[in-house]
Amino acid sequence: MSSKPPSNPSRREFIKLTSTAGAGVAATVTTQLPSAALVEISVPTIHEKAFHRKVNLTINDIDLSVELDTRTSLLDLLREKLKLTGTKKGCDHGQCGACTVLVNGTRINACLSLAVMHEGDNITTVEGLGTPDNLHALQDGFVEHDSYQCGYCTSGQLCSALGMLTEATQGMPSHITPDLLIPVTLSRDEIKERMSGNLCRCGAYQNIVNAIEEYAERDRETL
Amino acid sequence: MRPFNFITAESREHALKLVADNKNAKFIGGGTNLLDLMKLEIEAPSLLIDISRTDLGQIEKVDDGRIAIGASVTNSALAANMDVRRDYPVLSRALLAGASGQLRNKATTGGNLLQRTRCQYFYDTAQACNKRLPGSGCSAKGGFSRQLAVLDIDDSCIASFPSDMAVALRVLDAEIELVSLSGTRMVPIGDFYSGTSMQPHIDTVLKHDELITRIILPRPLGGSHFYEKVRDRASYAFAIVSAAMVFQPDGSARVAFGGLAPKPWRVEFAEKLLTTDIDEYVRLAFSGARATHENQFKIPLAKQILKTLISKHREL
């Protein structure tokens, strides 16, 4: 804006002025702003270096160094920056488990974790478990047991199940473990309780538990 | 989410200096509740101070038999700790009844104490809420209140406190260590939560420049420990009513409740009645209850939970 409004504009002049005004006159006149200007106004600080941080981490065995807006969740780093879209965004509030990934072998909700807090961490997503030509044994089990319908929760179910099995192997009790001082037996009910943070709105739960149960038994036999 | 600066604190002192210098700064540990609230812009700190690398992740035995839990210890690690499982099983049980496996792996002990209410009117920024925006009113009154509090509430707020862990810590008489640049103070958990008192936006006595560093459990108190949680689904839901209870061989008992109030609810002076006159205990411990038509079942439910736990204990 180079021209200044006259100090005492007539009604006609005022209308002319506001109707031709470009971006920068007043952010409140949103209907007159082109969409690009709107984006710039709604997130004016996105380019400010003060709100950027560099983080070094390993994802599926690849070492990465990325500079990020501090607000970026681990989930958005994976999906939006790195295009690892196997990890899904369901609720984005830690209620559904679709975004479950393994951080240093431990399962967490990637949506409720800031990417900048993962300096030095080793992250495994569903892309790091297996490939279409060489599926992880648990992925094979999900195919065999028909453990999904739409498949949206599957990557979270897989990562969660693997993290859960590590927890059980380490002797971590659950809400339904009868005795806190006796080693855990991973019954069907134990699997259900431990997987309660992963919702499946198609209702494939029985088949999900079937696949995990079979994998856990095979895993135990090979140990 | 509003933009914020982010600093990884190198030490406790570093963290305390940073927070003392910035009125809009917040500590972040696990972040499972804070980030949730920041996404909704209910919380909008200008600076996040990451305390996850400040050496607060240990569970240690103190000389006199007490146990000190570092504020950054995760809920999973605390629930699985062998000393806790053996000597304070009510605490393990409460932790395992809360949240999901994924959340417990991230959520910390200090953060669990500070989690905000899950009242849906607090979460919905289009609704009036005195806890979120003082003076704006309370949409929960006359709204959906099945989950909300019936004790220690007033016209300003009927929110309930969601933690399971804190209910067990209340029955165990844990103490909370608060550190600032000017010193350290120990606060019994019974004095930590403010209750409503027409100031629902203030949840605890924690000051802006203070950091929770450790939670101290008293020497093992023995007895039989129980944590009973009634909720709307079998797993992964907040309590409608919960109870942490410890029975001693000499016939005495103590109990704290979750889901009834804006803080863990324990009425020590009535506890001598727990094993002799339940009706009288209920009358004294829940006097002044103020229920809505949607949550008036909570007091009878709490009484039923008590009876169930007494039967379970007798069957041992």
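The values are calculated or read from the model by the stated rules, or taken from the named source; none is laboratory data. Quick caveat: nothing in here was measured; it's all calculated off a predicted structure. Here the Cβ positions follow ideal geometry from the backbone for every residue, glycine too, while neighbour counts run over all protein chains shown.
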Out of all the residues in the range B:96-108, is one or more away from every other protein chain (no Cβ under 14 Å) and over 25 Å from B:VAL282 (Cβ atoms)?
-> no
Selected residue (criterion: surrounded by the most Cβ atoms within 10 Å (Cβ to Cβ)) from residues of the range B:45-60 that are under 17 Å from A:MET117 (Cβ atoms), of a type outside the set (A, V, I, L, M, F, W, C) and more than 9 Å from chain A (Cβ to nearest Cβ) | B:THR54
Could you run through the range B:70-117 and say how many residues are basic (Lys, Arg) and either more than 18 Å from the chain's Cα centre (by Cα) or modelled with pLDDT under 95 (or both)?
-> 2
Among A:LYS83, A:LYS192, A:LYS88, which is part of a helix (DSSP H, G or I) and either under 17 Å from A:ASN60 (Cβ atoms) or at the interface with chain B (Cβ under 10 Å from one of its Cβ atoms) (or both)?
-> A:LYS192
Going by the conditions given, is A:ALA216 under 19 Å from A:GLY105 (Cα atoms), more than 10 Å from chain B (Cβ to nearest Cβ) and of a type outside the set (Val, Ile, Thr)?
-> yes
In the list B:THR196, B:THR184, which residue meets the criterion of being hydroxyl-bearing (Ser, Thr, Tyr), touching a Cys at 6+ places or on another chain (Cβ under 7 Å) and more than 22 Å from B:ASP83 (Cα to Cα)?
-> B:THR196
How many residues, within the range A:156-180, are within 10 Å of chain B (Cβ to nearest Cβ) and more than 16 Å from B:SER76 (Cα to Cα)?
-> 3
What residue, of A:LEU57, A:LEU77, is outside any loop (DSSP other than H, G, I, E, B) and in contact (Cβ under 8 Å) with a residue 60 or more places away in the chain?
-> A:LEU57
Read through the list (1) within 14 Å of another protein chain (Cβ to nearest Cβ); (2) in a loop (DSSP other than H, G, I, E, B), then give the number of the only condition that B:LYS229 fails.
-> (2)
Can you name every residue in the range B:61-95 that is touching a strand residue (DSSP E or B) at 6+ places or on another chain (Cβ under 7 Å), within 10 Å of chain A (Cβ to nearest Cβ) and among the β-branched types (Val, Ile, Thr)?
-> B:THR74
The condition of being in contact with a Leu (Cβ under 9 Å, 6 or more places away or on another chain) and not hydroxyl-bearing (Ser, Thr, Tyr) holds, among B:ARG118, B:ARG104, only for B:ARG104
Residue by residue through the range A:134-153, note down the ones that are under 17 Å from A:LEU78 (Cβ atoms) and either crowded, with 24+ Cβ neighbours inside 10 Å or within 14 Å of chain B (Cβ to nearest Cβ) (or both).
-> A:CYS153
Considering only residues that are within 7 Å of another protein chain (Cβ to nearest Cβ) and under 12 Å from the mean Cα position of the chain (by Cα), look in the range A:93-106 and name the one that is nearest to A:LEU158 (Cα to Cα).
-> A:THR100
State whether one or more residues within the range A:112-133 are within 21 Å of B:SER235 (Cβ to Cβ) and within 11 Å of another protein chain (Cβ to nearest Cβ).
-> yes
Condition met for B:ALA239 (buried (at least 22 other Cβ atoms within 10 Å of the Cβ) and assigned to a loop (DSSP other than H, G, I, E, B)) | yes
Any idea which of (1) under 27 Å from B:MET38 (Cβ atoms); (2) not assigned by TED's automatic domain parsing to the domain that holds A:ASN207 is the one A:GLY163 doesn't satisfy?
-> (2)
Test: B:VAL246 is touching a residue at least 24 places away in the same chain (Cβ under 8 Å), part of a strand (DSSP E or B) and more than 17 Å from the chain's Cα centre (by Cα) | yes
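Has the range B:250-268 got any residue that is part of a helix (DSSP H, G or I) and in the same structural domain as B:SER156 (by TED's automatic domain parsing)?
Taking every residue of the range B:250-268 in turn, at least one turns out to be part of a helix (DSSP H, G or I) and in the same structural domain as B:SER156 (by TED's automatic domain parsing).
Among what's in the range A:173-192 and is of a type in the set (Asp, Glu) and surrounded by fewer than 19 Cβ atoms within 10 Å (Cβ to Cβ), pick the residue that is farthest from A:GLY156 (Cα to Cα).
Result: A:ASP179.
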Screening B:ILE189, B:ILE215 for residues that are under 28 Å from B:ASP155 (Cα atoms), in the same structural domain as B:GLN115 (by TED's automatic domain parsing) and in contact with a helix residue (DSSP H, G or I) (Cβ under 6 Å, 6 or more places away or on another chain) leaves only B:ILE189
If only one of B:LEU178, B:LEU169 is out of contact with any Asp or Glu (no Cβ under 8 Å at 6 or more places or on another chain), closer than 29 Å to B:ALA94 by Cα and outside any loop (DSSP other than H, G, I, E, B), which one is it?
-> B:LEU169
Residue check: is B:LYS39 surrounded by fewer than 17 Cβ atoms within 10 Å (Cβ to Cβ), closer than 21 Å to B:PHE122 by Cβ and within 13 Å of chain A (Cβ to nearest Cβ)?
-> yes
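Restricting to the range B:46-69, count the residues that are closer than 22 Å to A:GLY171 by Cα and either within 19 Å of the chain's Cα centre (by Cα) or not acidic (Asp, Glu) (or both). Give the steps one after another, and end with the answer.
Of the residues in the range B:46-69, the ones closer than 22 Å to A:GLY171 by Cα are B:57-61, B:67, B:69.
Applying the additional criterion that residues be either within 19 Å of the chain's Cα centre (by Cα) or not acidic (Asp, Glu) (or both) yields B:57-59, B:61, B:67, B:69.
Within the range B:46-69, residues that are closer than 22 Å to A:GLY171 by Cα and either within 19 Å of the chain's Cα centre (by Cα) or not acidic (Asp, Glu) (or both) number 6.
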